[in-house]
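Everything on this sheet refers to the single structure shown next.
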Amino acid sequence: MDVFGLEPRQSDLARGIVIVKCANALTRAEQRQVWQHLAAAGITEDDSEETTPDDQEPPLRLLTAPWLPPATEEVGAQRAALERANAAFALDAVWFIKVETGVDGEAWQELRAAHLAERREEAAAQAAGPPRRVVDAIFDEAEVLYTAPDAPLTNLTVWPAADLTPALARAQGPAADSDDAPASGSLSGFSARGAVASGARPRASGEDLTADDVHEDDGDDGDDGRDDSGRGDPSGDASGATSGETVDEELADDPQAEFGDDADEDDDDSDGDDDDSDEDDGDGDDRDDGRGFGSREDEEDDDSVMELFLSESHWRNGTPPSERSVPFPLEHYPEVLDQYDWREFGIALKLGGTAIAGEDSVINAFFALWLSAYQDERIESFEPFARADVAHDRVHRSALLWVERFTVPATPADQVSFLMWIIHRLHEIIPVAWARFDIHDESGKVRRDEQGEIELILAGNPLAERLRRYGESEALSWAVAQSGWTRAELAAMLVEAALEHDPDNAESAVHAERLLRRALSFDASSEATTFLAAVLVRQGRAPEAILLAREGRSPLRLFLAREVAEHAESKLGQVLPLLDADTMERSDDEDLADLAHAIAVYAPRHLAAYLERTPARVTLLPHLYNASFELRREQSLAILRRVLSLPEPDATVEGARGAMVMAWNNACIHAHALGEYELAVELADRGMPFAEENPHIYHSAACAYAAMGQIAPALTAVRNAIAHDYEHIEKMETDPDLGPLHGLPEFSAMFAEWRHQRADLN
């Protein structure tokens, strides 16, 4: 039996893992006995009370557990315990790996507090300065849009996704009322981030990790103050639109922020122009676009605080162990030092040698040890990361270790070299054949099937380097001859290489198409079909792409519809039949909503036909509701009417009830602004049962009734708005859209009584 790294601890921060390699695979009961031997000497904890049936897990040769490094006088007892375990179970080797430092969370707290204090001082100074410029265009205050917090921005277009911002800006800018459809956004080329058309999504948590805890992933309107979304938090949280608060425009206007976060709004229009709903007043004034999540200010603070940390490390007992080189190929190093992004950081690795039962648990243990150095148990509020996980591809013996929003006080050099040390130690136990620092998170690098199970993790791309150095012929000869990588992995390498070519450039597209077709020859089920379809569409060969999609999976069909909508709009009518009932039912709600938004932007004449195909399931409701934003009113109204046609949800469907309640208000406002007054009244009537949940509906309904000369129901709606503490009561009194009511004694009396009651309360 060989023993490595059994040394006494040098500080109270010492923590570690122990890996035992047995001569023979042990059953669960035998594994438990090994740990009982070692727990008796304090090497690890006794898990004898564990009730997992022995037949739940296969026999293993590699066993892992947390290790408490011993004091000097305890080393002998731990070694003796190893001998006893060896005598009973024939151990080949035992490795002890420890780390004796950790990041200083207190330094984080102090720097962050100082930074926030500085931000507050700057904000106070700005507040004391000259008043903000008055908007003199259509609105006094630009319209503010908020979205359902339970429906995040979707990720259907995981291939080189077009940035919708330019097209959306055109759609909602000064010329938003023109008859010209928004031009499509442009792409400079493929995006390596989008190498997954299956829509893989990371799933993990930022809680403290141990080797046993690691989650293993297998598999409006006039000066009315009407809320033009009725929105806020669909779950009914008081932080939503009904609270009457507004978001700081300087902090909330972020074109990169995701949909799906609760915020509050206050929009008004001083002149009562029916064109009041344009989302941009055209004066260049920043507005809160409602897409930022509730902690947008914190996010900006994190950005600037991280700048401080990235220039200096703060450790409690010196820097962690590090490596500057490893005995196996490591891609993206040292480039990762310059490309480091604390929002997404990780490493992918491919194991070499012969597979040994239990190697997954060894990787998990090293992952837990790595992240343990970035946790400070003294400070409960210190959260070093948002999510983290290990994804395993057992077929290809690959794994991806990743972490998101890695907000730790350590420089990129410290973080990178420490992770290299971790992987080097792993290599001493299980050979690592190839690795690469992954700049992006799991959702961009793990290919999953339609059931969400992992199909492939590509942990390196030696083919890409050979293509660059020796040319396509030599690289393909190597691919055919070698045996270290499977045909599925080689196909994925070719796809990555193809993504480096610009599909909009005719010459470059030829190379991309050739590589993608070769990839299909290696693996017909690879993502090459998706990207090949995109190349064909970009090169004016949409009919060929449609033929590919007919036999393709649901994500490919949705993806092709997006590509054709943007780049070959006239052909979209030929693609929509591919979106049959089965395809739509099997597609994710996020993807369906994302496609609705894209079609509304790039191919609005096909929007109605697409919406008719969307499944009538209640879970789609909040996502489709979110897709109605940042569009022209006609398209927004069409999507909202589809939302309102879905089954009425109850409170058990997360986000759906609130989204529908807000949709009634928005749809009524859009119809009124478009001059479709009869439709606005119809929506007001049907939305009235939901008005108690969202009093904004009363105001919107009153305007709709007034426009049609229905004075009695308009007065009733105003009265109900006041009775339900609508947050913009005073604005209703002067709202030009309620002009037919202004001269009525009943109308004036309601507001006089409201002021009298408010005076009594104050």
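The values are calculated or read from the model by the stated rules, or taken from the named source; none is laboratory data. Because the structure is predicted, anything quoted here is derived from the model rather than measured. Cβ atoms come from the backbone with ideal geometry, glycine included; neighbour counts cover every protein chain shown. These area figures cover heavy atoms from the full protein model, side chains too; ligands, DNA and RNA do not enter into them. Shrake-Rupley method; radii C 1.70, N 1.55, O 1.52, S 1.80 Å.
So, R562, is that one over 23 Å from A533 (Cβ atoms), modelled with pLDDT of 95 or more and touching a helix residue (DSSP H, G or I) at 6+ places or on another chain (Cβ under 7 Å) or not? Show your work before the answer.
Values: over 23 Å from A533 (Cβ atoms): no; modelled with pLDDT of 95 or more: yes; touching a helix residue (DSSP H, G or I) at 6+ places or on another chain (Cβ under 7 Å): yes.
Considered against the rule, which asks whether it is over 23 Å from A533 (Cβ atoms), modelled with pLDDT of 95 or more and touching a helix residue (DSSP H, G or I) at 6+ places or on another chain (Cβ under 7 Å), R562 comes out as no.
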Output yes when any residue across region 647-654 is among the β-branched types (V, I, T) and at pLDDT below 95, and no when none is. yes
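Determine whether L494 is open to solvent by less than 10 Å² (accessible area, probe 1.4 Å), closer than 23 Å to E551 by Cα and modelled with pLDDT of 95 or more. Talk me through it step by step, then tell me what you get.
On the way: open to solvent by less than 10 Å² (accessible area, probe 1.4 Å): yes; closer than 23 Å to E551 by Cα: yes; modelled with pLDDT of 95 or more: yes.
Answer is yes for this residue.
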Restricted to region 100-132 and to residues being over 30 Å from P321 (Cβ atoms) and in a loop (DSSP other than H, G, I, E, B), the residue modelled with the lowest pLDDT is R132
Looking at (1) open to solvent by 10 Å² or more (accessible area, probe 1.4 Å); (2) in a helix (DSSP H, G or I); (3) over 30 Å from F747 (Cβ atoms); (4) of a type in the set (V, I, T), find the lone condition where T716 falls short. (3)
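When you scan region 548-556, do you find a residue that is closer than 20 Å to H606 by Cα and of a type in the set (S, T, N, Q), even just one? Please lay out each step first, then the result.
Taking region 548-556 and keeping what is closer than 20 Å to H606 by Cα, we get 549-550, 554-556.
Still in the list and also of a type in the set (S, T, N, Q): 554.
Yes, some residue in region 548-556 is closer than 20 Å to H606 by Cα and of a type in the set (S, T, N, Q).
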Within region 728-739, is there a residue that is among the acidic types (D, E), open to solvent by 50 Å² or more (accessible area, probe 1.4 Å) and not in a helix (DSSP H, G or I)? no
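Filtering region 82-102 down to residues that are closer than 10 Å to L6 by Cα and of a type in the set (A, V, I, L, M), which residue is nearest to the chain's Cα centre (by Cα)? Spell out how you get there, then give the answer.
Restricting attention to region 82-102, the residues satisfying the condition of being closer than 10 Å to L6 by Cα are 94-98.
Remaining after also requiring of a type in the set (A, V, I, L, M): 94, 97.
Working: V94: 40, I97: 34 Å.
Within region 82-102, the match that is nearest to the chain's Cα centre (by Cα) is I97.
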Just to be sure I understand the filter: pairs with C-beta atoms under 9 Å, separated by 6 or more residues or on different chains, first member in region 610-626 and open to solvent by 20 Å² or more (accessible area, probe 1.4 Å), second member assigned to a helix (DSSP H, G or I) and among the β-branched types (V, I, T). Which pairs pass? R613/T583
Determine whether region 653-672 contains at least one residue that is within 25 Å of D735 (Cβ to Cβ), open to solvent by 10 Å² or more (accessible area, probe 1.4 Å), in contact with a Lys or Arg (Cβ under 6 Å, 6 or more places away or on another chain) and not polar (S, T, N, Q). yes
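Tell me the residue from A706, A759 that is of a type in the set (G, A, S) and open to solvent by less than 40 Å² (accessible area, probe 1.4 Å), please.
Numbers: A759 fails: open to solvent by less than 40 Å² (accessible area, probe 1.4 Å).
Answer to the check: A706.
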Consider A723 carefully, then state whether it is surrounded by fewer than 18 Cβ atoms within 10 Å (Cβ to Cβ) and small (G, A, S). yes
State the number of residues belonging to region 345-363 that are over 24 Å from E57 (Cβ atoms), open to solvent by 10 Å² or more (accessible area, probe 1.4 Å) and β-branched (V, I, T). 0
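Quick one: which of I729, I669 is among the aliphatic types (A, V, I, L, M), within 30 Å of L621 (Cβ to Cβ) and within 35 Å of the chain's Cα centre (by Cα)? Even if it seems obvious, please write down each step before you answer.
Numbers: I729 fails: within 35 Å of the chain's Cα centre (by Cα).
Only one candidate passes the filter, namely I669.
Take R79 and tell me if it is among the charged types (D, E, K, R) and under 45 Å from the mean Cα position of the chain (by Cα). Explain how you work it out, then say what you get.
Details: among the charged types (D, E, K, R): yes; under 45 Å from the mean Cα position of the chain (by Cα): no.
Judged against the criteria, R79 is not a match.
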Do we find that L13 is within 24 Å of W421 (Cβ to Cβ), modelled with pLDDT of 95 or more and in contact with a Gly (Cβ under 7 Å, 6 or more places away or on another chain) in this structure? no
So the check is Cβ under 6 Å with 6+ separation or different chains; which pairs have a first residue in region 381-403 that's under 16 Å from A459 (Cα atoms) and crowded, with 23+ Cβ neighbours inside 10 Å and a second one that's at pLDDT 95 or above and of a type in the set (K, R)? S398/K350
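Just wondering, is there one or more residues in region 643-650 that are assigned to a helix (DSSP H, G or I), of a type in the set (A, V, I, L, M), touching a His at 6+ places or on another chain (Cβ under 7 Å) and within 21 Å of R562 (Cα to Cα)?
Of the residues in region 643-650, the ones assigned to a helix (DSSP H, G or I) are 643-645.
Subset that is of a type in the set (A, V, I, L, M): 643-644.
Of the ones still in play, those that are also touching a His at 6+ places or on another chain (Cβ under 7 Å) are none.
Scanning region 643-650, I find no residue that is assigned to a helix (DSSP H, G or I), of a type in the set (A, V, I, L, M), touching a His at 6+ places or on another chain (Cβ under 7 Å) and within 21 Å of R562 (Cα to Cα), so the answer is no.
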Taking first residues from region 1-30 that are closer than 17 Å to E57 by Cβ and second residues anywhere that are open to solvent by 30 Å² or more (accessible area, probe 1.4 Å) and of a type in the set (G, A, S), the pairs with Cβ under 8 Å that are 6 or more apart or on different chains are C22/A90; N24/A90; A25/A357
I43 passes all but one of the listed conditions (1) surrounded by 14 or more Cβ atoms within 10 Å (Cβ to Cβ); (2) farther than 23 Å from F367 by Cβ; (3) among the β-branched types (V, I, T); the exception is number (2)
Find all pairs meeting these conditions: Cβ atoms under 7 angstrom apart; at least six residues apart or on different chains; first residue within region 438-455 and under 18 Å from D341 (Cβ atoms); second residue acidic (D, E) and at pLDDT 75 or above. I439/D341; I439/E344; H440/E344; D441/E344; D441/E404; E442/D389; K445/D438
W485 fails exactly one of (1) surrounded by fewer than 14 Cβ atoms within 10 Å (Cβ to Cβ); (2) hydrophobic (A, V, I, L, M, F, W, C); (3) not in a helix (DSSP H, G or I), namely (1)
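So is E566 surrounded by 23 or more Cβ atoms within 10 Å (Cβ to Cβ), assigned to a helix (DSSP H, G or I), on the phi < 0 side of the Ramachandran plot and among the charged types (D, E, K, R) or not? Give the steps one after another, and end with the answer.
Numbers: surrounded by 23 or more Cβ atoms within 10 Å (Cβ to Cβ): yes; assigned to a helix (DSSP H, G or I): yes; on the phi < 0 side of the Ramachandran plot: yes; among the charged types (D, E, K, R): yes.
So E566 passes the test.
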In region 546-563, what residues are assigned to a loop (DSSP other than H, G, I, E, B) and within 28 Å of the chain's Cα centre (by Cα)? G552, R553
Would you confirm whether any residue within region 631-642 is touching a Cys at 6+ places or on another chain (Cβ under 8 Å), of a type in the set (S, T, Y), buried (at least 24 other Cβ atoms within 10 Å of the Cβ) and in a helix (DSSP H, G or I)? no
Note: among E455, E377, just one is modelled with pLDDT under 95, open to solvent by 10 Å² or more (accessible area, probe 1.4 Å) and in a strand (DSSP E or B), namely E455
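Give the residues of region 17-37 that are outside any helix (DSSP H, G or I) and either surrounded by 16 or more Cβ atoms within 10 Å (Cβ to Cβ) or not β-branched (V, I, T) (or both), sorted by residue number.
The first filter runs over region 17-37 and keeps only residues outside any helix (DSSP H, G or I), leaving 17-27.
Hits for region 17-37 are I17, V18, I19, V20, K21, C22, A23, N24, A25, L26.
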